[in-house]
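The values are calculated or read from the model by the stated rules, or taken from the named source; none is laboratory data. The model shown is predicted, which means the values in this text are computed figures rather than measured ones. For neighbour counting, all protein chains shown are included, and Cβ atoms are generated from backbone atoms with ideal geometry for every residue, glycine included. Ligands, DNA and RNA are stripped out before the accessible areas are found, and what is left, the full protein with its side chains, is counted by its heavy atoms. Shrake-Rupley method; radii C 1.70, N 1.55, O 1.52, S 1.80 Å.
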Amino acid sequence: MIQFVGLLTKRRFLPLFVAQSLGAFNDNLFKNALVFFATYQIYNSIEAETRFSAIATGIFILPYFLFSALAGQFADGYDKARIMRIIKAAEIGIMAVGAIGIFTAHIELMLLALFGMGVHSAFFGPIKYSVLPQHLADEEVLGGTGLVEAGTYIAILGGTIAGGLLSAHVAAVAVLLIAIAGWLASLKIPPAPPLTTLKVDYNIVRASIRLVGAVMRIRRVALAIVAMSIFWSIAAILGVLFPPLVKNVFHAQKDVASVFLAIFSVGIAIGSVIINRLLRGEVSARYGTVSVLVMAGFVADFYFAASGWPERAGPLLNTGAFLALPSTWRILLDLGMIAITGGMFVVPLYAFLTTTVEKSQTSRTVAANNIVSSGAMVAGSVGIYGATQLGLSVLGAMWVIFALCLASAWSAWLLHRAGAVPHS
């Protein structure tokens, strides 16, 4: 991907990169500021705090189910640059509502803003990938996709950390200013006129069913979506497991969970760089199977390393004390390699998705993937929570991830066997 860094100096890429990175940063800054504000300043019981966290997660993901089909139709049927400007302008209003909610401690307003940010992301998601084949040369699409993916994960990391460090009131002002900056960046995105005439179906249930059904009839696209959906279910399960693993297995404070998240985010960004270097701009899934099999190996090693973790009594370890333990580095290495190989696996799939179909259909294809992937994330999160309630240990749940890695490897192998991608 190093050879594609020059795209960051081009108007046909930089404004999009800035707008989407600021949006991802804002999503996570607001979401984490909201959760911390509710946890430490509104609620006083673990039951209420857990319930609020679950509600907040569901409210943020729900728009992907509801509006992804509509978002894909808008993006394919209208000028993508114009749609992005409208979305980023709406973000300013959404964040204004969220800021008022924080300053007035009005939990309903905060959740309304969180839902609004979910809608914002659901509409922006299909465009940020599907506009790339329209603005970039065929040999630049993989590199551009990798840069977008790396920028997204670094932004997620930065927003997550900022949400934990900034006071709620400072965060309220910050999200509004960042939304304005994202809108200003969107004004510089070059036109991306529609490549087809499309009649928008506003029945979101019917449109979603039709969209997913139509897209999944293309075997290569279906395999890519299945592989990505399994990967995102793995990411969702890890998100559920990190807090209890850190507290109950590693006997550490919540700051250590932030370290785990940071390593995971940076690792995926590194993986996107590595795979772009290996593929040299070619859109191919040929490294997908080996990447996810190596990932499965590190998942297994993480399990064995954590199984041998010594039991401790006394106060929970802070980050410094945790990092000072000799056995910590094996855990962090495993986690980093899980993320790196995960990045190597998933980034080419997005490029595969946007170059397999006609350019006039790319937004709807990405939207269909968002519907299926968000469903997989919910299924993974709810499923692993239910399994732990039925007696599966938090550490034993790592074998569920191992099995999902094998399923991803099989999907990637079938995808690679399906043949090369015809450039549209």
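Of note:
- Computed lengthening from residue 187 to residue 403, 0.36 nm per intervening residue step minus Cα-Cα distance: 73.3 nm
- If the segment from residue 318 to residue 255 were pulled out straight at 0.36 nm per residue, it would be longer than the present Cα-Cα gap by 22.0 nm.
- Each helix, a run of at least 4 DSSP H residues, gives -39500 (n - 2.57); summed and divided by the residues of the chain, these come to -26500 deg cm²/dmol at 222 nm.
- Per residue, the convex hull spanned by the Cα atoms of the stretch 261-354 amounts to 101 cubic angstrom.
- Candidate cross-link partners of residue 10 among the aspartates and glutamates, defined by an alpha-carbon separation under 19 Å and a same-chain spacing of 8 or more, comprise 138, 139, 140, 149.
- Put simply, the amide H of residue 317, placed in the peptide plane, has neighbours under 5 Å in 252, 253, leaving out anything fewer than 5 places away on its chain.
- Taking 0.36 nm per residue of sequence separation and removing the Cα-Cα distance, the residue 96/residue 329 pair yields an extension gain of 79.6 nm.
- The residues of the stretch 131-183 have, on average, 32 Å² of accessible surface per residue, using a 1.4 Å probe with all protein chains present.
- Computed about its Cα centre, the charge dipole of the stretch 72-178 is approximately 320 debye, with only Lys, Arg, Asp and Glu carrying charge at their Cβ.
- Candidate lysines for bridging to residue 247, where Cα separation is under 28 Å - those fewer than 8 sequence places away on the same chain excluded: 31
- Mean Cα-pair separation over length for the chain, i.e. relative contact order, pairs under 8 Å, 6 or more apart, %: 27
- Accessible area per residue for the stretch 328-402 is 32 Å², calculated with a 1.4 Å probe on protein heavy atoms, without ligands, DNA or RNA.
- Placing unit charges on each Cβ (+1 for Lys and Arg, -1 for Asp and Glu) gives the chain a dipole about its Cα centre, and among 377, 113, 189 the Cα reaching farthest toward its positive end belongs to 189.
- Working ranking of peptides 301-307, 317-323 by packing, defined as the average number of other Cβ atoms within 10 Å per residue, highest first, is 301-307, 317-323.
- Note on the stretch 306-424: with neighbouring protein chains present and a 1.4 Å probe, carbon and sulfur make up 66 percent of its accessible heavy-atom surface.
- Within the stretch 324-404, none of the chymotrypsin sites (Phe, Trp or Tyr not before Pro) combine a DSSP coil assignment with at most 10 other C-beta atoms in a 10 angstrom radius.
- Along its first, second and third principal axes, ordered by size, the stretch 181-262 spans 58, 38, 26 Å in Cα coordinates.
- In this Cβ point-charge picture (+1 for Lys and Arg, -1 for Asp and Glu), the chain has a dipole of about 860 debye about its Cα centre.
- In the chain, a dipole from Cβ-located charges (positive for Lys and Arg, negative for Asp and Glu) runs towards its positive end, and of 289, 35, 143 it is 143 whose Cα lies farthest in that direction.
- Ranked packing of 182-190, 288-296, 125-133, most packed first, by mean Cβ within 10 Å: 125-133, 288-296, 182-190
- Label selected from (i) 27, 60, 13, 0; (ii) 13, 22, 25, 15, 11, 8, 4, 2, 0; (iii) 21, 30, 20, 22, 7, 0, the criterion being P(r) over Cα pairs in 20 Å bins from 0, in percent as computed here: (i)
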